[in-house]
Every structure is written in structure tokens, then in C-alpha cells.
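Below: the structure, in C-alpha cells.
The values are calculated or read from the model by the stated rules, or taken from the named source; none is laboratory data. Predicted model only: the values in this text are computed from it and were never measured. Please note: Cβ atoms are built from the backbone with ideal geometry, for glycine as well, and neighbour counts cover all protein chains shown. Remember, those area values only see protein heavy atoms, side chains included, never the ligands or the DNA or RNA. Shrake-Rupley method; radii C 1.70, N 1.55, O 1.52, S 1.80 Å.
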Amino acid sequence: MPSVYIKTYGCQMNERDSEAVAAQLAAKGYTIAASEAVADVILLNTCSVRDMAEQKAIGKMQNIAADVRRNRPDVVLGFLGCMAQSRGRQLIDQLPDVDLVLGTQKFHRAAEYLDELLAGRREKIIDTESESGSEATIKEHLLLGRRDGAAGPVSAFVSIMQGCNQHCTFCIVPFTRGEERSRAIPDIVAECRQLAENGVKEITLLGQIVTSYGRREIPAREGRSGFVQLLAAVHEIEGLERIRFTSPHPKGYGDDLVAAYGELPKLCESAHLPAQSGSDRMLKAMHRGYTREKYLGLIGKLRRVQPGIGITTDIIVGFPGETEEDFDLTLSLAREAQFDNAYVFKYSPRQDTPAAAMPGQAPRGLKEERHARLLEEINAIGKRRYQERVGQTMQILVEGPSKRGPRWTGRTRCNKIVLFDGSERHRGRLMDVRIERAGLFTLYGDPAILNPD
Ligand code: 5AD
């Protein structure tokens, strides 16, 4: 049977889609190759959210085509996901070595199309059509197919919906992922239960805007939105210890969801709340649907329910028309919100989005300068907030050995990484550690006294 290598660009949704494709192919007998050098099928699952992500994937495919094709002409090359969706046939016109272009509603067709390409029945396949029901097709997990007895992951992602109707003026996602469509609660719960039965302790529910989950399909019950009903249903699953979700939209973050942090003990006290800007003028131009005051009010509410909640955000600098004054408001928002961490992005004009045609496009140098200034602020705040944890006892879920070195890594409920001297016997365990010191966005802990064994 052929082997497949999948490289993923972009967000956690993309990682999850790649995993589902890998699981689908593994179930058909494919082996998962450790590198592109030994694979019969090479797939790049792409991201369109900024131009740099697109250029990276295109550059990578050019290199693969030049390298691999010369020696192994039969290797099948494919683009999947967001850029495949937004660029379609254009990708094959630009890179004629590519055989497959598979859009975001077609991941579940990967095996059938690869069969046809590998058997030589078709030369090229481009499928970027929409497909009703496709939101419910991202459900296979690699760990469930394992027969080697190796320990599976303790944490898993579950896709609960697809698409976005918000139409922020900077964002390409409505074009790459389509309209909002939600899976049914029992379907999601069944997937989560199966994961828990296979040793998964922590589940992160994924969607482009999870706070819109079930908005049209699931009526509110006793003041609980569809999303909070879903959280409550997943919370019932035995063996599951922790629940997370990403990303919510500040606009749809209702009081029922704030209250859930106090009512559902498995719901981890952590929230990734994309702010994008601290200036009301910019928020309006971005079509975000909230003000700075509303946003800070929401953070206040969350901290009242869970004072130790970890709050992270996304911020865009250099949006068209952003003045020094607007940018100062973003700096002061970061200080007022006291983010634990933030992803800071330089605005990147995207095809067909309203912001790309707005006047006042910022020069690259200005974006770079603001990016550096904001990062400096974010790092200083983060450093203080991590330092404040030193001396505290925190619960971690142990994930495995750290990629960079001898220590093991766990995650606190507030979503901070903790490194400690661990070993295989710690894997998958929930345990308390005493925080000994803090680095930049990392805590160092000692479990010895608290977990005698
Ligand atoms: N330019 C820069 N950053 C963007 N994001 C989305 N679109 C753009 C764009 N055109 C950022 C937002 C979003 C994150 C996933 O990517 O901050 O929350």
C-alpha cells in the first residue's frame, strides 16, 4: 500500500482536518510517512489567512516538485484546505506538477480521489465544490486506528462546526470555509465519548467561531445557547477530565457561557478571545461587532467567575487607516486586559475582502514597527503574569516529553505549559506541581513532594 505524508500550515482546525485525512487513509491501509522523502503521496494542507502562509506552501510545493518529481515521477502531489479552496484550478496552472486540489468541504473524499490518481484512471482532480453535510465528516482520529499498543495522545481536538458568517472586513475565512454549519450534539458527544474510552482526558472543541455553534439549528433552553448545551452534554462523559474550546467571538460570548465556567468543573479556566484592536474606530472598520468597553467588560466578567482564568488574544496591527492614536489604544488595551499571551499579526490584504480595497493601506515598515512595539508590551505583561504563578500549586495534565530536551511537558487548566523532570510513568496523568520558576511563556514545576509514588 502507498505511504502518505501530510504537511499542515495554519490553525488548529487545519491540524484537525489533516489528522482526519490521515486517519481516513490509514483505515484504507496507507502508511503514514515520517517525511516527504519516502512518501508516495505528498499533501500540503494550506492556510490562506495571511499572504505569507500561502507563499510558504507554494514555495514548499515548488521545492517538492523540483526534488521529488525528478527521481520519482509517480509521486502524487496535492494541495488541500483553505488555499486549495480559494485558488482552485489556478494552483495547477501555476504548478503543473500538482495532481490534486481538494477544497475545505471535500477532505472526506481524499482516499477515493487518491485511488483514482494512483491507479492512473484520472490525471488531475480539482474539487472545491460545496457539499451539504460536510461539516459532519471530520470525525476520524488517528489514535483510534492504532494497533501497535503505543500510548495514544491524552488530548484531542474535535471539530464541531464549519464556516463563518461574521465577515470581518480583513478576513478570508468566509470565502475558504463557507457559511456556518454545525454538527448535531449527539454526533459530537459520540465522538468525544469514543475518545475518552480510548484514554483521552482533554478535549478541545473547535470551530471558526464556536460561540455561533448551533445558532440556527438549536433553540436556546433555560437561557442556555446551543453551544453551552453542547458543553454541558460533553461534560457528562465519564473519563473525560478537561474541556476547552477555540475560538469564541467576543460578540457572541453570552452570560450563559461566562456562567458555564462556574458551573462545569471540567471546563478549564482559559479563553482565547480575539480582540484584533483596542480602538473603537478600527473595530468598527473591521466589522467586529463590539467596542473596547464591551470587550474589557467581558474580561472583567470572566475574571469575576474565575479569577485565575488564562486569557490570550489575537491582534492585528497596521489595519488600513490605523493611526498612531488607534495603535496606542491597542497598546493600552493590552495593558488593561493583562493578557497572558497574544498572537500579533501584521495586516495582510486578502483577495475579495473589503479591507483590501480600503484607503490608508499601511506601509510595511510601519506594520513592522508596530508589531515589534506591541510584542514588546505583550512579552513584558506575559512575563509578569507568569512570574506571579511562582510558588503556586497548579494542576497539570502531562502530555509527553518536551520536544526540546530532557524535560516533560504538562499543561495547566489555564493553558500554560509547565516543564518538569518527568518520565513515561507520568504520561496522561493529572497531577499537582509546585511552580518553581518562570521563563517567557513557560513555567517550571516540581511534582516531587505533591505526588509521592
Ligand atoms: N491579516 C492579518 N491577520 C489576519 N488575521 C485574519 N485575517 C488577517 C489578515 N488579513 C488574524 C486575526 C485572526 C487570526 C486567526 O488571524 O487576528 O484572529
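Quick look at the numbers
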{"item": "From Val158, Val101, residue being open to solvent by less than 20 Å² (accessible area, probe 1.4 Å), of a type in the set (Val, Ile, Thr), within 30 Å of Ile396 (Cα to Cα) and not in a loop (DSSP other than H, G, I, E, B)", "result": "Val158"}
{"item": "Residue in region 443-453 that is farthest from Val200 (Cα to Cα), counting only those that are touching a Lys or Arg at 6+ places or on another chain (Cβ under 9 Å) and not in a strand (DSSP E or B)", "result": "Ile449"}
{"item": "Selection within region 1-42 - more than 16 Å from the ligand (Cβ to nearest atom) and of a type in the set (Ser, Thr, Tyr)", "result": "Ser3, Tyr5, Ser18, Tyr30, Thr31, Ser35"}
{"item": "Cβ pairs under 7 Å, 6+ apart, first in region 272-295 and open to solvent by 60 Å² or more (accessible area, probe 1.4 Å), second assigned to a loop (DSSP other than H, G, I, E, B)", "result": "Asp280/Thr291; His287/His167; His287/Cys168; His287/Thr169"}
{"item": "Matching residues, region 324-348, being more than 19 Å from Gly297 (Cα to Cα) and either of a type in the set (Lys, Arg) or within 14 Å of the ligand (Cβ to nearest atom) (or both)", "result": "Tyr343, Val344, Phe345, Lys346, Tyr347, Ser348"}
{"item": "Test set (1) under 25 Å from Glu129 (Cα atoms); (2) open to solvent by less than 10 Å² (accessible area, probe 1.4 Å) - Ile64 fails condition number", "result": "(1)"}
{"item": "Subset of region 389-442 (residues that are closer than 20 Å to Ile203 by Cβ, more than 20 Å from the chain's Cα centre (by Cα) and open to solvent by 30 Å² or more (accessible area, probe 1.4 Å))", "result": "Gln395, Arg427, Arg429, Leu430"}
{"item": "Tabulated pairs, region 172-198, first touching a residue at least 40 places away in the same chain (Cβ under 8 Å), second of a type in the set (S, T, N, Q) and not in a loop (DSSP other than H, G, I, E, B), C-beta under 6 angstrom, 6+ apart or interchain", "result": "Phe175/Ser86; Thr176/Gln85; Thr176/Ser86; Arg177/Gln162; Arg181/Gln162"}
{"item": "Single residue of Leu296, Leu264, Leu302, Leu257 found to be hydrophobic (A, V, I, L, M, F, W, C), in contact with a Pro (Cβ under 8 Å, 6 or more places away or on another chain), away from the ligand (no atom under 16 Å from the Cβ) and farther than 24 Å from Glu368 by Cα", "result": "Leu257"}
{"item": "Test: residue in region 260-267 that is surrounded by fewer than 17 Cβ atoms within 10 Å (Cβ to Cβ) and assigned to a loop (DSSP other than H, G, I, E, B)", "result": "yes"}
{"item": "Thr312 open to solvent by 10 Å² or more (accessible area, probe 1.4 Å), within 16 Å of the ligand (Cβ to nearest atom) and hydroxyl-bearing (Ser, Thr, Tyr)", "result": "yes"}
